[in-house]
Each structure stands twice: as C-alpha cells, then as structure tokens.
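The values are calculated or read from the model by the stated rules, or taken from the named source; none is laboratory data. These numbers were taken from a predicted model, which means no experiment stands behind them. Cβ: placed from backbone, ideal geometry, glycine included. Neighbour counts: every protein chain shown.
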Amino acid sequence: MYIDVLKISDGKDKTLIFTIGEHGVEGIFGSFIMEVFINEILPLINLKDTTVILIHPINPYGMKNIDRTNENNVDFNRNFLSSWDKVFKNEAYLSLRDFFERKGVIQNIFIERIKYLKDVVKILLKGEAKLVKNALLIGQYESPKGLYYGGNGYEKETEFMIKLFEDVFKNSKYVVHIDIHTGYGPKDTMSVVNSYLFEIDSKTFEKNIGYAPVVKSENSEFYAMSGDMIDFLYTLRNERFKDVKLYSATFEFGILGSSTTNEIESLFRAILRNKLRFYGSKNKEIEERVKKLYLGAFCPSKEESIQKMYTQFKKAITGILTYEGFIKQ
C-alpha cells in the first residue's frame, strides 16, 4: 500500500496542496471530493504560477480496511505533535477506559448496543457527557488499543508528510492546503475548520470567502485536539519558515449529525469497530456488518446528501481560492 502523490505543473510562487484520507476510511468519500476538485476546480487555477499537489490517501491501510487508524492503531491527526516532549497524560480518558475499550469477541451487535446504551445512561445520569466528549476528542497517548491513540513517536506516514510539507515551504512563497475529513458536525453540512492559530476570526472569514459555517479548532467553536496536522503546519511555518504565507484548513463533512442521539450512535460505532479490531467477531457476517455500520458514519448513503455537500464544497473551495488569489475573479 502506498501514498500516491501527483504534482501538477511547477509554479514558482504558489503551491496548493490537496489531501485526503488522513483518517483512512474518510478517504472513500474524500476520493469523490478530490475528483470534483480535479474536474471542476483545477481548470480555474492559473498553473503558470501555481504548483498543485494531490495526495491520495495519507492513510492507505485505514482506507483499505475501513478504519480511521493505521496498522499500529495510530490516529494520524493526533500524531502531528510539534514536540514529543509535550505529550500530556489524558487522565479523563484513562478514567473512562473501560467504557471506551470493550474486551471480548463480538457475538451479537444488538446485545453490544444494549450494553453500551446502559453505560451511556449511567454517564448521562452522572452528568459526565461533556467529560466523555472532551476526554476522547483531544486524543490520548497511553493506550495503544484505545480510541484516538496518538502513538509514541511519528509514524512513517507522518514523517513522509512532514518532509513533503518542509520541501514545499522551502520552495514556495505562498502555500494553501486543504485537507478533507468526514464524520463530525451537523448532518449533510460541510464545515470549514481553521486552526486555532489562524489569525482571522471565524465570522470575518465567513464574510471573506462567502461561505458558512467556518469554525476554529477549539472547544468554543468545534473541538480542541492534540497532534492535529493543520496546527502542526502553522507551528512549522511560524518556527522555521516565517516568510511563507500560509492558509491551511480542514473541510469536515458531517454525516450522521451532531445531535446528542447521533453522537451517541457515532461513538458506539467507533467503540464497536475498535473491539472488532482487537478481539474479532463470532463470524465473518458480523465482521462485515460492523464494518458497514462504521463506514456509514463516514460516507453519505443518499444521493440528496451527496449533492448537498458537493455544492457546499464547490462554494467553499471557490470562495477560499478566490480570496487567497489562486483563482482570478
């Protein structure tokens, strides 16, 4: 399995990087979005002064095996730490470890769901729902068999991407990077997620690009995370390539939805997929059903949803590239 990199043209001043599949399974819908970019957005870009780099996918193992993580169960979007001296201990995750990491062979999905929902009710009665969300999404570095595991050092795929980004910064004056993700956020809605290090506030940027919603990767607007690739890029630029102008963002396509009920369902599918990975299932039929459930949390199944997010993507990417000067008005 390989990370495919396609370099289009050799512009001297500007570079546009388009990445998918950092969370492998998300690259399936990401492939469709990349195809839209190639067919409908790329022709609008002046390739005489712009290099375009397409990366498909960052996590080929996860894409092939219907999983977010790689063969080491590492979540790449928790692996891009600016320094491994800054790894924190996620005490909240460890306190809920038995809830997140369920042991034993999967015998029956219905029974698994009932057991899970009983535990969810206990958590809700204790008023710990917010604790669960924050403990999980920020990432953790203590449990290799757990959810959102960030690893204990850079993965080979992360090292590859860091080297690629460094090379781009060395040879460009202006870099725009768009990374495609799916799963989180309001149903059938694409959110532009800027780094918390991005200097323009979200409402102002919405006006600048003619698209909403725009949020930042912080708990007040979206959620905070450790080892995020977009945050890493801003830190890399700020520390070593200060003369390079940078805009880097995630396009996040919401699939199941952001209601409490939908978030509970999404977490169940993640826990069940993790259990399948480490303990297996009673038979092949159950394994395929678990993977199908998991895939459904990251890929839209209805044509109406696909068309809605297709339209949103085109509006957002056109607005951003026009504002950043990569598409001429």
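Summary table
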quantity	calculated
Leading residue by the ranking (farthest from Leu246 (Cα to Cα)) among those in the stretch 1-15 that are modelled with pLDDT of 95 or more and surrounded by 13 or more Cβ atoms within 10 Å (Cβ to Cβ)	Ile3
Which listed residue is assigned to a loop (DSSP other than H, G, I, E, B), in contact (Cβ under 8 Å) with a residue 60 or more places away in the chain and surrounded by fewer than 20 Cβ atoms within 10 Å (Cβ to Cβ), from Tyr223, Tyr211, Tyr196	Tyr223
Any hit, the stretch 122-141, residues being assigned to a loop (DSSP other than H, G, I, E, B) and more than 26 Å from Asn262 (Cβ to Cβ)	yes
Scope the stretch 142-178; condition of a type in the set (S, T, N, Q) and part of a loop (DSSP other than H, G, I, E, B); matching residues	Ser143, Asn152, Ser172
Lone unmet requirement of (1) modelled with pLDDT under 95; (2) in contact with a His (Cβ under 7 Å, 6 or more places away or on another chain) for Thr260	(2)
Unmet criterion (only one of (1) assigned to a strand (DSSP E or B); (2) within 15 Å of the chain's Cα centre (by Cα); (3) over 30 Å from Asp98 (Cβ atoms)) for Phe232	(1)
Filter result (hydrophobic (A, V, I, L, M, F, W, C) and either farther than 14 Å from Gly183 by Cβ or in contact with a helix residue (DSSP H, G or I) (Cβ under 7 Å, 6 or more places away or on another chain) (or both)) within the stretch 270-283	Ile271, Leu272, Leu276, Phe278
In the stretch 206-252, the residues that are touching a strand residue (DSSP E or B) at 6+ places or on another chain (Cβ under 7 Å), within 15 Å of His177 (Cβ to Cβ) and β-branched (Val, Ile, Thr)	Ile230, Val244, Thr250
Unique match (being in contact with a helix residue (DSSP H, G or I) (Cβ under 8 Å, 6 or more places away or on another chain) and either more than 21 Å from Phe80 (Cα to Cα) or outside any strand (DSSP E or B) (or both)) among Leu267, Leu246	Leu267
